[in-house]
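Everything below concerns the one structure shown next.
The values are calculated or read from the model by the stated rules, or taken from the named source; none is laboratory data. This structure is a prediction, so every number in the text was calculated from the model and none was measured. Note that we place each Cβ from the backbone using ideal geometry, even for glycine, and neighbour counts take in every protein chain shown.
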Amino acid sequence: MPLSNWGNFDVGRDGIAYVPVERGAKHIYFYRFADKSTTKVFTFTGAPDFGISISPVDGSIVFAQVTKPRRAKPGLVRLLEHKSIKVEPKNWLDG
């Protein structure tokens, strides 16, 4: 699946977080190495900005989204909203 841009994916200990090209709303998906499953973990309310990162400490996914149009008015500063979401690890022995 093509990415929304080359910076919108990261590989972590448990899987890959990525933002694919989609029509309509954009999402972050997480592909788990353990069971080869893909889960939609976040729906953007704005436009995804460049970059996504998985924390090596707790597996949180950090990303930014543009909440105002980039060219709304000359001289307007682009507003970014930074977020972090937690992807809970699955206990594969319980199940």
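Checked against (1) loosely packed, with under 15 Cβ neighbours inside 10 Å; (2) aliphatic (A, V, I, L, M); (3) modelled with pLDDT of 90 or more, VAL77 passes all but a single condition, namely (3).
Looking only at residues that are farther than 20 Å from ALA47 by Cα and hydrophobic (A, V, I, L, M, F, W, C) in the range 17-36, which one is farthest from the chain's Cα centre (by Cα)?
Going residue by residue through the range 17-36, those that are farther than 20 Å from ALA47 by Cα are 31-36.
Pick out the ones that are also hydrophobic (A, V, I, L, M, F, W, C) and you get 33-34.
Numbers: PHE33: 17, ALA34: 19 Å.
So the residue we want is ALA34.
When ALA17, ALA64 are screened for being at pLDDT 90 or above, part of a strand (DSSP E or B) and touching an Asp or Glu at 6+ places or on another chain (Cβ under 7 Å), only ALA17 passes.
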